[in-house]
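Let me begin by presenting the structure, written as structure tokens, before commenting on it.
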Ligand code: PLP
């Protein structure tokens, strides 16, 4: 695989990062994941905008301008011959002698790599739906910043696996925040309910697009917190993310949702999202 590190395209074996990099020592860095379908980038502009915001919240600056970022994404898709897959981008504050205070003149580290995922948009899970468990949300309070400190979400994923499920929905003060790497939704009749934006959740790029499509399709959208009890009574549930698009949830904590099959609203939104975002793909 060819990867991009600080201005250079190199074979992955030759890529090097300092042991003093603050991404490694402090998880002092941010990331984005953009999906590739048919060799094109889905929602690239929105990911680039959120990256700028994450960096700004941490008083960091991108070492690379937005149009150059697009070129790097495209070059990696080309160099690695990616038809369907993901592009991971990470920017850290850079290397500096270990100290909690931010260094004054560190040069940010930027890394991008690809993951080939043939048939990404036709994953079998979209047909069967996924199972989730609920766990306490023990992450820090700035989940709106897309930082690389993903230990608790990783633990949540492991708890889900141990319980024979696919993912975990995290619950804070009795209300669902989001999934380990996705936004969470329930459906009641023609109404889609998903947590309102704030510091408690990541402002999903797929979430924004899907809610806009839902409103255009005359569905009702309520952006508010909901409980696991309310979810268990719902007609449907689903998640969204750049890598799973719209994915039906058919079971929560071992209880089937609705008739226990992927719901029609989730399936319709998935189709609309894939069709419309492919049209705008770059
Ligand atoms: N919430 C969390 C915690 C995430 O990590 C992610 C994506 O990785 C999302 C939501 C979904 O965001 P997006 O649709 O931008 O991929």
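Data overview
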{"quantity": "The listed residue being surrounded by 13 or more Cβ atoms within 10 Å (Cβ to Cβ) and closer than 23 Å to residue 41 by Cβ, out of 277, 264", "calculated": "277"}
{"quantity": "Test: residue 96 is modelled with pLDDT of 95 or more and under 19 Å from the mean Cα position of the chain (by Cα)", "calculated": "no"}
{"quantity": "Qualifying residue in the range 222-229 (condition: in contact with a helix residue (DSSP H, G or I) (Cβ under 8 Å, 6 or more places away or on another chain) and either away from the ligand (no atom under 16 Å from the Cβ) or part of a strand (DSSP E or B) (or both))", "calculated": "yes"}
{"quantity": "The range 203-218, subset buried (at least 20 other Cβ atoms within 10 Å of the Cβ) and within 16 Å of the chain's Cα centre (by Cα), residue farthest from residue 34 (Cα to Cα)", "calculated": "211"}
{"quantity": "Some residue of the range 161-169 being in contact with a strand residue (DSSP E or B) (Cβ under 8 Å, 6 or more places away or on another chain), loosely packed, with under 14 Cβ neighbours inside 10 Å and farther than 30 Å from residue 11 by Cβ", "calculated": "yes"}
{"quantity": "From 210, 187, residue being outside the structural domain of residue 49 (by TED's automatic domain parsing), away from the ligand (no atom under 16 Å from the Cβ) and in contact (Cβ under 8 Å) with a residue 60 or more places away in the chain", "calculated": "187"}
{"quantity": "Top-ranked residue in the range 42-64 [being outside any loop (DSSP other than H, G, I, E, B) and more than 13 Å from the ligand (Cβ to nearest atom); ranked as surrounded by the most Cβ atoms within 10 Å (Cβ to Cβ)]", "calculated": "55"}
{"quantity": "Subset of the range 190-202 that is within 13 Å of the ligand (Cβ to nearest atom) and not in a strand (DSSP E or B) - its residue that is nearest to the chain's Cα centre (by Cα)", "calculated": "202"}
{"quantity": "Search result, residues across the range 97-116 that are crowded, with 17+ Cβ neighbours inside 10 Å and either more than 30 Å from residue 38 (Cβ to Cβ) or not assigned by TED's automatic domain parsing to the domain that holds residue 8 (or both)", "calculated": "106, 108, 109"}
{"quantity": "Residue that is surrounded by the most Cβ atoms within 10 Å (Cβ to Cβ), among those in the range 144-160 that are within 13 Å of the ligand (Cβ to nearest atom) and assigned to a helix (DSSP H, G or I)", "calculated": "156"}
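The values are calculated or read from the model by the stated rules, or taken from the named source; none is laboratory data. No experiment lies behind these values; they were computed from the predicted model shown. Heads up, the Cβs are rebuilt from the backbone with ideal geometry, glycines too, and the neighbour counts pull from every protein chain shown.
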